[in-house]
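K.L.:
Pasting in a structure now, in structure tokens, and then I'll have a few things to ask.
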Amino acid sequence: MEEELLKKLSDSVVNMDEEGAVRYSQQAVAEKLDSYTAIDKGLASGMERAGQLFDEEEYFVPELIICSDAMNAGIDVLKPHLKQEGAKKKLKGVIGVVEGDTHDIGKNLVKIMLESSGFDIVDLGRDVPPADFVDKAVEADARFILLSTLMTTTMDNMAEVVRILQQNGSRERFKVVVGGGPINQAFADRIGADGYAKNANEAVKVCRELVAAEL
């Protein structure tokens, strides 16, 4: 039953069916399906399939936008039902996809999970220049800078954020966490990041561990 519902959620996104995404998300809530699972294995899975169709030139930008609208409509239904684990005090972070990359499904899931766990997250969006991460983190008095990419060609922009922090003397002020398809722990270590997360659940765990004494 769960697998069937997850498939309906995924299909609703691929089929650009916003009403269906909302309806099946409401069904997931009613049937007490874990909301993160519904988002990750249902809605986000559908968006990944849509992305593959885009790569295969069966879908184009207008279709992707409508698919994204359907996914977000479903997320709006499910988000209030994510398990609230809650930090003792809200720590701030800025999150975004580094310059040169516009893939933001993973980034959006990380933001949702961190917010549901009590963190205060400022979303900088996609295609964000390295200097903007630093400027916005300072402006927001953030504790975290969370960097995402799905492209190997933009990975050095993550390293550039760390370089800027080192150059301006503010490296110790922020915890830098990286993630995305081509990223791994070895890369995080090489650029001097504080943490690496392979998925949204892991991102929450990593962020909590990095500032355990402050929670």
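K.L.:
Does L114 qualify as being touching a Cys at 6+ places or on another chain (Cβ under 8 Å) and either on the phi < 0 side of the Ramachandran plot or hydrophobic (A, V, I, L, M, F, W, C) (or both)?
P.N.:
Yes: the conditions hold for L114.
K.L.:
Find all pairs meeting these conditions: Cβ atoms under 7 angstrom apart; at least six residues apart or on different chains; first residue within region 189-215 and within 17 Å of D120 (Cα to Cα) and part of a loop (DSSP other than H, G, I, E, B); second residue modelled with pLDDT under 95 and aliphatic (A, V, I, L, M).
P.N.:
V211/L91; L215/A87
K.L.:
Just wondering, is there one or more residues in region 131-147 that are in contact with an Asp or Glu (Cβ under 7 Å, 6 or more places away or on another chain) and either over 22 Å from D40 (Cα atoms) or among the polar types (S, T, N, Q) (or both)?
P.N.:
Checking region 131-147: not a single residue is in contact with an Asp or Glu (Cβ under 7 Å, 6 or more places away or on another chain) and either over 22 Å from D40 (Cα atoms) or among the polar types (S, T, N, Q) (or both).
K.L.:
Against the condition under 16 Å from the mean Cα position of the chain (by Cα) and surrounded by fewer than 19 Cβ atoms within 10 Å (Cβ to Cβ), how does K92 come out, does it pass?
P.N.:
Spelling it out, K92 is indeed under 16 Å from the mean Cα position of the chain (by Cα) and surrounded by fewer than 19 Cβ atoms within 10 Å (Cβ to Cβ).
K.L.:
Tell me which residues, restricted to region 117-163, are assigned to a strand (DSSP E or B), aliphatic (A, V, I, L, M) and touching a Gly at 6+ places or on another chain (Cβ under 6 Å).
P.N.:
Residues satisfying the conditions are I121, L124, V128, L146.
K.L.:
How many residues are surrounded by 14 or more Cβ atoms within 10 Å (Cβ to Cβ) and within 18 Å of the chain's Cα centre (by Cα) when one looks only at region 185-198?
P.N.:
Qualifying residue count, region 185-198: 7.
K.L.:
Looking at region 122-157, which of the residues that are crowded, with 17+ Cβ neighbours inside 10 Å and of a type in the set (S, T, N, Q) is nearest to G181 (Cα to Cα)?
P.N.:
Top of the filtered list is T149.
K.L.:
Another one. Can you tell me which residue within region 47-70, out of those that are at pLDDT 90 or above and aliphatic (A, V, I, L, M), is nearest to G106 (Cα to Cα)?
P.N.:
Here the answer is A70.
K.L.:
Taking the options D120, D127, D135, D141, name whichever one is out of contact with any Ser or Thr (no Cβ under 8 Å at 6 or more places or on another chain), at positive phi and outside the structural domain of K8 (by TED's automatic domain parsing).
P.N.:
D141
K.L.:
Take the residues in region 1-27 that are more than 21 Å from the chain's Cα centre (by Cα) and among the aliphatic types (A, V, I, L, M), then tell me which one is modelled with the lowest pLDDT.
P.N.:
Per the criteria, the residue is M1.
The values are calculated or read from the model by the stated rules, or taken from the named source; none is laboratory data. A quick note: this is a predicted structure, and the numbers were derived from the prediction, not measured. Note that we place each Cβ from the backbone using ideal geometry, even for glycine, and neighbour counts take in every protein chain shown.
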